[in-house]
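The values are calculated or read from the model by the stated rules, or taken from the named source; none is laboratory data. As the structure is a computational prediction, the values presented were derived from the model and not from experiment. Note that we place each Cβ from the backbone using ideal geometry, even for glycine, and neighbour counts take in every protein chain shown.
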C-alpha cells in the first residue's frame with residue numbers, strides 16, 4: 001500500500017491554518033470585538049504575524065487589519081419596515097447610507113462614481129497617522145511646505161483670511177494636537193505635517209495611503225495628497241478620486257479608532273506648541289454638533305469636488321446601531337445628511 005502523494009500532502013497543508021495561528025485569531029476576535037481575517041492568499045507565517053499584531057492591539061491604537069468580515073461579526077442586520085416610502089437625495093451627485101456594523105447599504109445613489117472628495121481625504125490621513133506613530137504625544141516638526149499650503153490652515157479659516165496664531169516653520173506640535181487641527185478645522189498644514197512626519201514627503205505618504213486603500217478593498221479610490229488639495233496639473237488631478245461607497249468603507253473601518261471620533265466631536269480647543277511658546281485656537285466646522293448620538297463628521301470642499309460630507313450617527317433611541325452617510329458634491333449637504341439619517345432610522349429596524 002503506497003502513502004499519500006507528496007504534492008497532495010503539500011496542497012493539504014496549505015489549506016489549513018496552524019493551531020497557533022487559530023489561537024491568535026480567536027484572541028484577536030475577542031480583543032477587537034469584530035471578526036477579522038487574514039487576506040486571502042496570505043502565507044501561514046504572514047497570517048500568524050498579522051493576527052498576532054491584531055491580538056496585541058491597544059485600546060487607543062488598534063493595528064490595521066487586512067480584511068474584515070462584518071457580516072459574521074454582527075448579530076443584527078438592518079431590515080426595511082413594511083410600506084416604507086422611496087427616498088432620494090436630489091441635490092447630491094453621489095450618495096450612500098451604510099449600516100456600519102454589517103457594511104450593508106440601505107440607500108445608494110451613484111455610489112460608485114469616481115469623484116474628488118477634497119478634505120474628506122483627511123480621515124484616511126488621520127487614521128494612518130494613528131496607526132504609524134508610536135505615540136500620539138510625540139512631537140512633529142512643522143515643515144515649510146505645510147506652513148505655506150493653500151486653503152484652510154491653523155489660524156486661517158480660509159485662504160488669505162487669518163484671524164489666529166498660525167503654525168510656524170520648525171515649530172513642534174504633538175500628533176494628537178495636529179489631529180485636532182486636521183479633523184476639527186480641516187487644516188491643510190496639519191495634514192501635510194502629519195504626512196511628512198510619517199513618510200518623509202507627501203508623495204511617499206500618498207503611496208502609503210493607496211496601499212492602505214488596496215488593503216481595505218477600495219476599488220474606486222486613488223489618493224494624491226494627504227490634505228485633499230487639488231494638484232496644480234489639471235490632467236494629473238483627474239487621477240485623484242474616491243467614491244461615496246469607498247468613503248463610507250473608510251469611515252466604517254476608522255470606527256476602530258475612538259480617538260478620531262472623539263476629536264471630531266470637540267466643539268473647540270487650544271493646541272500648544274511642544275515648548276509652550278505658541279497657542280493655536282481650533283474651532284470645529286461641524287454643523288451637526290448636538291445631533292442625537294452623533295459619532296462625528298468630516299467635511300470637504302474644493303472647486304472641483306464641490307461641497308461634500310461624511311457623517312456617522314447612532315440610532316436616536318439608544319445609539320446602538322450606527323449609520324454612515326456620505327454625500328459628494330451636494331450644495332445642501334448638511335440638510336441632506338439629516339434627511340438621510342431621519343429616513344434610515346425611521347425606515348429600518350435591526351434584527
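Details
- Any hit, region 190-201, residues being over 19 Å from the mean Cα position of the chain (by Cα) and within 27 Å of residue 303 (Cα to Cα): yes
- Condition check for residue 174: touching a strand residue (DSSP E or B) at 6+ places or on another chain (Cβ under 9 Å), within 24 Å of residue 262 (Cβ to Cβ) and surrounded by 22 or more Cβ atoms within 10 Å (Cβ to Cβ): no
- In region 254-266 there is no residue that is touching a helix residue (DSSP H, G or I) at 6+ places or on another chain (Cβ under 9 Å) and either part of a strand (DSSP E or B) or within 13 Å of residue 117 (Cα to Cα) (or both).
- In the set 311, 305, only one residue is touching a strand residue (DSSP E or B) at 6+ places or on another chain (Cβ under 6 Å) and under 20 Å from residue 187 (Cα atoms); that residue is 311.
- For region 101-115, the criterion of being touching a helix residue (DSSP H, G or I) at 6+ places or on another chain (Cβ under 6 Å), without any contact (Cβ under 8 Å) to a residue 60 or more places away in the chain and in the same structural domain as residue 321 (by TED's automatic domain parsing) is satisfied by at least one residue.
- Any hit, region 221-240, residues being surrounded by 18 or more Cβ atoms within 10 Å (Cβ to Cβ) and without any contact (Cβ under 8 Å) to a residue 24 or more places away in the chain: yes
Here is a yes/no grid of residues against (1) in contact with a helix residue (DSSP H, G or I) (Cβ under 9 Å, 6 or more places away or on another chain); (2) surrounded by fewer than 23 Cβ atoms within 10 Å (Cβ to Cβ):
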position	(1), (2)
82	no, yes
122	yes, no
128	yes, yes
132	yes, yes
145	yes, yes
165	no, yes
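- Residue in region 183-192 that is without any contact (Cβ under 8 Å) to a residue 24 or more places away in the chain and crowded, with 21+ Cβ neighbours inside 10 Å present: no
- Residues being within 30 Å of residue 170 (Cα to Cα), part of a strand (DSSP E or B) and in the same structural domain as residue 228 (by TED's automatic domain parsing) are represented in region 282-296 by at least one member.
- Whether a residue is closer than 20 Å to residue 138 by Cβ, in contact with a strand residue (DSSP E or B) (Cβ under 9 Å, 6 or more places away or on another chain), surrounded by 21 or more Cβ atoms within 10 Å (Cβ to Cβ) and touching a residue at least 24 places away in the same chain (Cβ under 8 Å) was assessed, and residue 269 does not pass this test.
- Evaluation of residue 157 against the conditions (1) closer than 22 Å to residue 117 by Cβ; (2) surrounded by fewer than 15 Cβ atoms within 10 Å (Cβ to Cβ); (3) at pLDDT below 95 shows that the sole unmet condition is (2).
- Scanning region 77-102 for residues that are under 17 Å from residue 349 (Cβ atoms) and in a strand (DSSP E or B) yields a count of 6.
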